[in-house]
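Written below as structure tokens is the structure these notes are about.
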Protein chains: 2
Amino acid sequence: MPTGTPATGTARLSLATVCLSGTLEDKLAAAATAGFDGVEIFAPDLLADPGSPAAIGARCRDLGLSVDLYQPLRDIDSTDPDRFAANLRRADATFEVMAGLGADTVLVCSSVSPDAVDPAADADLLAAQLHTLAARAHERGLRIAYEALAWGRHVDTWDASWDAVRAADHPALGLCLDSFHVLARGSDPAPIAEVPGGKLFFLQLADARELSMDVLSWSRHHRLFPGQGGFDLPAFLAPVLAAGYAGPLSLEVFNDVFRQSDPVRTAVDARRSLIALAEATALAGAGTDPVATAAPSLDGTAFVELTAGPELGRVLRALGFSRTGVHRTKQVERFEQGGARLLVNAAGTGSGAVAAIAVETPDPDASARRAARLCASPVPRATGPGEAEFAEIPAPDGTALFLCRTSGDAGPDSTHGPAWPHDFVGVDEAPAPGTGITGIDHVGLTQPYDAFDEAVLFHRAVLGLDPVGDGEYAAPFGLVRSRALADPRRRLRLALTVSVLRRGDWSPAVADPQYVALACDDVLATAAAARAAGVPLLAVPANYHDDLAARLDLPADTVAAYRELGVLHDRDAHGDYLQVCTELLGGRLFLALVQRTGTHDGHGWPDAPVRMAAHRRSRLARG
Amino acid sequence: MPTGTPATGTARLSLATVCLSGTLEDKLAAAATAGFDGVEIFAPDLLADPGSPAAIGARCRDLGLSVDLYQPLRDIDSTDPDRFAANLRRADATFEVMAGLGADTVLVCSSVSPDAVDPAADADLLAAQLHTLAARAHERGLRIAYEALAWGRHVDTWDASWDAVRAADHPALGLCLDSFHVLARGSDPAPIAEVPGGKLFFLQLADARELSMDVLSWSRHHRLFPGQGGFDLPAFLAPVLAAGYAGPLSLEVFNDVFRQSDPVRTAVDARRSLIALAEATALAGAGTDPVATAAPSLDGTAFVELTAGPELGRVLRALGFSRTGVHRTKQVERFEQGGARLLVNAAGTGSGAVAAIAVETPDPDASARRAARLCASPVPRATGPGEAEFAEIPAPDGTALFLCRTSGDAGPDSTHGPAWPHDFVGVDEAPAPGTGITGIDHVGLTQPYDAFDEAVLFHRAVLGLDPVGDGEYAAPFGLVRSRALADPRRRLRLALTVSVLRRGDWSPAVADPQYVALACDDVLATAAAARAAGVPLLAVPANYHDDLAARLDLPADTVAAYRELGVLHDRDAHGDYLQVCTELLGGRLFLALVQRTGTHDGHGWPDAPVRMAAHRRSRLARG
């Protein structure tokens, strides 16, 4: 683990214990393992721990973690003087805990209580109560970081919290800014740059998908790590840094999935998100990250490596691929057609799956160094003498990512040897005539349930891909979420899917399907040639084509051809997406022939339920 | 399966295929197995089926199912005449499908399209277009059931849809009423009674929890079967029946969990919900259900049967229970203290679990007949000669429910023999002095993921319990949902919990905990006596008690006693809930000593996370 790497230059990285699953013990160990510098300790985590605050503080120090924040102290101010006095007694107990922990800052949330002080009615009272609280903290050498909850009863925007802090005017009172509360309310973060940096006591970062639900539920269940959702976090972080904020970058992410996932894995994902955010902010001209480097400009897919299913070699030949080489030392064959290169690996169990995606990058060394800085270090690979030594990085779903070049020699500064095609020796076979396949359109990968958001961030950060599609559809055996990522030039596309709810016992669907979508310019011609050569094309129900004809008002001969070849056709305002799928080649893998028209940027999701039902049916029919 | 039972008198029961998981084949088979009379076929289910509409219609008839509705036809009206003409062509294709299916009614949803006709701007145009559509359907002997989606662009309330139907004035055009769309908008259903019954073409029923989210997401993901949520469905159904509606009672429930659960099980649950709803509506004075019977008035828990964990017998004696009998023919011992009766069954694997809950009901025969009518038929039981023959009904989580009597003889009309205590022979042991336990407060049961909502409905319908609590809390290894049910007199309480997301691989928590909460009047005295006798009480962290003392301002000696005995203390406006738990007695079972003050109606959920962390810790410590 990359402990101690100065991955974001000077900023310290911190993680709230609420982000992770487990008891406090699990959470602290995970944060340390992932290389965090500090933690925010969530009060309920401490209450359930058998150690005293002092023992917990010592445990943190032993793990190399500072306790950057204790949180939260809720509903402090009150229009009822007796209640406020009782609240101060609660605060004293919290200060006692903090003294034990060795934490100097406590998060105070704006009140949600019916007796909260309304500054519009009595700004002086709120200021006076916050001043009293801060003075009490100050006596003990502690600080109050005051935060506006987006659903606070009266104080519910960051500028309202800043008004209160200014009015209270105490050196031990400052702001806690939380990107969720600011961005979920649609507030403009730019004016934060005007706040004196010394008054920014703490910074909490979280991303989120755009969801239309009440902001409290959105916040408590669906926060994400920066880069996993749709918030513009660099535009939030930049003014905070410009104001002079010098504290840690800390993540506070309430997420139902992360709450029950392996905390070490979540913590590594979390740290990657902060490094990528610091980098993106620095590259946008703000911040002072001295090691920011732009993501590589990708040149497409060098190859996709498949483990050999029962019929894969035969099907590729019938699809018009030429076998152009065999690996010098491994049981791997190379197939090519147009710009599509597929390797078939005969080692292993051979049930058919995507083993690796090789990405074409102009400087594989630099790409690998950058990946390592993003908590995605290359793993050791067995390489024969004289073979290309390219970096292999495991993606969250276990697929290997290779960073490599297809052509050219290594430059003088490279530690790499020859490009990967040198690893193959030619075979004495006549080239196949082809069926019109021109390249690889995209690769579709079902993600493990816990790894979906992690995978989006991983590919976004490590490969510099952008999200280009976000969907959800009702598949026959449950809802499926999908996200597509691509480079700006659309040379590399990945389509990721996951069950919205983790699969249960009732699940007769094909488990975790994967596919390679092969691009062609005339899918009807390519599919017809493939069918004639014996490729097992997936049958599509006549009902689907009847409906399609009525919806799109298609000519009868087109519909007849669609029926014959099993074409699925999706149309949107930008163009059309036509696909013909093979039956399953093994347990989970299939190939798709894909034709795009116009600037259609989709991945066939509207037709996925029909395809999934058909794959299940064909598998049952074949026994 | 109860096919053909006239369970709701005259009403036919129908199920929308969207309610179920699977392909159309799975769904139709499940609806038939559960005993439904008909189905609504959802267009995407048909499109993915390889059979022609005629073949699908024939399959339905073979299964004894009528096709009561085909659905939906969307976005029909349009301010653009060309678009409306194209929409009519789509409608023709739909009518063609319906002719094949043998379905005479199609659901037309109010449009959500930007080009939808706004009746406020041009009521005549909407009326004319609906009239045209209805006339076209009428030519083919078909009918249009027009429904207001709660998120329709202009028509979004049931009365707006009724205005449109009245204005269009065509005999083949009527209303489809959907309880979700009516109740989610807070509309008053009472005026539905004024609509001519002949204009009510179709009725869709769905319940839902009160959730604060956009109504579209709420509708598409979180609908429930009647009795599982918070809507007052009898108050909705009554005016519909009063208006003279004579069509089927049909369920249309979009639910993320049901979409991926065993469809047969879901369909049985669905049918139970309709029978219970018809009964509740009839008992409230509306409808004509001739076999409605009120749920039995329960007299409490006759006994709870536990499978013997490693220490169970010893712990019960240390808790002050007396062993008062052994079963005549089975390896079962009877323990009693106050009104608490526990049976310990030594047969089986003996890892410790709740095997059965025996409910005290004045007329076990009538209760069993009613259960059978609610798709909860008693299962055969091995009973020795002369032993009590009480009904055993498996609850959704596999726990057995027994319907029985503790005292008295069978009445003249009963087929039952003696009350259950006759099955035990006395033992020659001195009664234990007791520790102050007075009865069984409640039983806590973790539910299988797919069975949570089913379990709520099951206990509500079969036992006549009411929901008395609904919560969600962040447990150490993921969020937990909880619902409590109780009879009106609080003689029987059940607390059900489930993971909000299905458990994954990372889950070091105690799996599926169960407990029996034993009532006492002075939990400190009872726990002290138990500890002195060697009961392994669960240690609670000092941090918890420090926080509790600050929150509730408790006297120092109370806090000291709490620390010593591991008391968990929850307070709300109604009173206090104090509990002391044992360590785990086997893999998942524990006992709790519970004292309530005032009218506190909770079940200790705020303290469950602390308890769960402590149980995991004590289990790890014991190895």
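At a glance:
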| quantity | calculated |
| --- | --- |
| Size of the A/B contact, given as accessible area buried on both chains, probe 1.4 Å, in Å² | 4200 |
| Point-charge dipole on Cβ atoms (K/R +1, D/E -1) for chain B, about Cα centre, debye to 20 | 1580 |
| Estimated [θ] at 222 nm from DSSP helical runs (n ≥ 4, -39500 (n - 2.57)) normalised by residues in the protein assembly as shown, nearest 500 | -10000 deg cm²/dmol |
| Calculated from backbone phi, Karplus (6.51, -1.76, 1.60) coupling profile of segment B:484-489 in Hz, x at Gly/Pro | 10, 10, 7, 7, x, 8 |
| From phi via Karplus (6.51, -1.76, 1.60), per-residue ³J(HN,Hα) for segment A:567-574 in Hz, x at Gly/Pro | 6, 9, 10, 10, 10, 9, 5, 9 |
| Around B:GLU25: net Lys/Arg minus Asp/Glu count, Cβ-Cβ under 13 Å | 0 |
| Evaluated over segment A:93-218, the Cα radius of gyration and Dmax, each in Å | 14.7, 44 |
| Hydrodynamic radius by Kirkwood, which averages 1/r over all alpha carbon pairs of segment B:13-283, in angstrom | 18.5 |
| Compactness of segment A:437-622 as Cα Rg over 2.2 N^0.38 Å, two decimals | 1.01 |
| Cα→Cβ-extended label distance, 7 Å offset, between A:THR383 and A:GLU210, nm | 4.4 |
| Two-decimal Rg/Rh across segment A:517-623, once Rg and the Kirkwood Rh are taken from alpha-carbon atoms | 0.94 |
| Rounded to 5, the percent of DSSP beta bridges in segment B:301-425 classed as antiparallel | 70 |
| For segment A:325-460, the fraction of alpha-carbon pairs in successive 10 Å shells from zero, as % | 10, 37, 38, 14, 1 |
| Exercise: per-residue mean of other protein chain Cβ atoms within 10 Å, B:14-24 | 3 |
| Inter-copy separations for A:PRO433, label at 7 Å along Cα-Cβ, nm, ascending | 10.1 |
| Spread of Cα-to-Cα distances over 20 Å intervals beginning at zero, given as percent, for chain B | 18, 44, 27, 10, 0 |
| FRET E, pair A:ARG140, A:ASP118, Förster distance 30 Å, beta-carbon r, rounded to 0.05 | 0.55 |
| DSSP bridge pairs, segment B:13-283: antiparallel proportion in percent, nearest 5 | 10 |
| Positions from segment B:244-267 whose accessible area shrinks by 40 Å² or more when the full protein complex is built, not the chain alone, probe 1.4 Å | B:ASP256, B:ARG259, B:GLN260 |
| Peptide B:502-510, shielding by other chains (average Cβ, 10 Å cutoff) | 5 |
| Normalised alpha carbon radius of gyration of segment A:13-172 [divisor 2.2 N^0.38 Å] | 1.07 |
| Carbon/sulfur fraction of accessible area - the protein assembly as shown, other protein chains in place, 1.4 Å, % | 52 |
| Label 7 Å beyond Cα on the Cβ vector: B:ASP122 copy-to-copy distances, nm | 5.9 |
| Per residue accessible area in Å² of segment A:13-283, where ligands, DNA and RNA are left out and the probe is 1.4 Å | 31 |
| Global size of segment A:201-289 as Cα Rg and Dmax, reported in angstrom | 13.4, 37 |
| Built amide H within the under 5 Å cut-off of B:ASP470, gap 5+ | B:ALA484 |
| Sequence-distant residues sharing a close amide H with A:ASP207 (under 5 Å, placed H) | A:LEU224, A:PHE225 |
| Other-copy label distances relative to B:ALA532, 7 angstrom Cα-Cβ extension, nm | 9.6 |
| Estimated Rh, the protein assembly as shown: Kirkwood, alpha-carbon pairs, angstrom | 33.8 |
| Chain-alone versus full-assembly comparison, segment B:28-60, residues with accessible loss of at least 20 Å² (1.4 Å probe) | B:LEU47, B:ALA48, B:PRO50 |
| Within the protein assembly as shown, percent of DSSP bridges classed antiparallel, to nearest 5 | 55 |
| Leading residue at positive end of dipole, chain B (Cβ point charges), from B:VAL108, B:PHE390, B:VAL498 | B:PHE390 |
| For segment A:388-396, 3J(HN,Hα) per residue [Karplus equation, 6.51 cos²θ - 1.76 cosθ + 1.60, θ = phi - 60°, Hz, x = Gly/Pro] | 4, 9, 9, 6, 10, 10, x, 6, x |
| Charge dipole magnitude, Cβ of K and R +1, D and E -1 - the protein assembly as shown, Cα centre, debye nearest 20 | 2880 |
| Interchain or long-range residues, amide H under 5 Å from B:TRP151's placed H | none |
| Listed residues B:PRO380, B:ALA353, B:ALA302: farthest to the positive end of the dipole of segment B:297-392 (Cβ charges) | B:ALA353 |
| Accessible area per residue, Å², segment B:468-607 with all protein chains present, probe 1.4 Å | 35 |
| Segment A:477-538-segment A:258-272 distance, computed between alpha-carbon centres (Å) | 28 |
| Over segment B:257-413: Kirkwood hydrodynamic radius from C-alpha pairwise inverse distances, Å | 17.8 |
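The values are calculated or read from the model by the stated rules, or taken from the named source; none is laboratory data. The structure displayed is predicted, hence computed values, not measured ones. Glycine gets a Cβ as well: all are built from the backbone with ideal geometry, and neighbour counts include every protein chain shown. Each accessible area value is taken on the protein alone, full model and side chains, heavy atoms only, with ligands, DNA and RNA left out. Shrake-Rupley method; radii C 1.70, N 1.55, O 1.52, S 1.80 Å.
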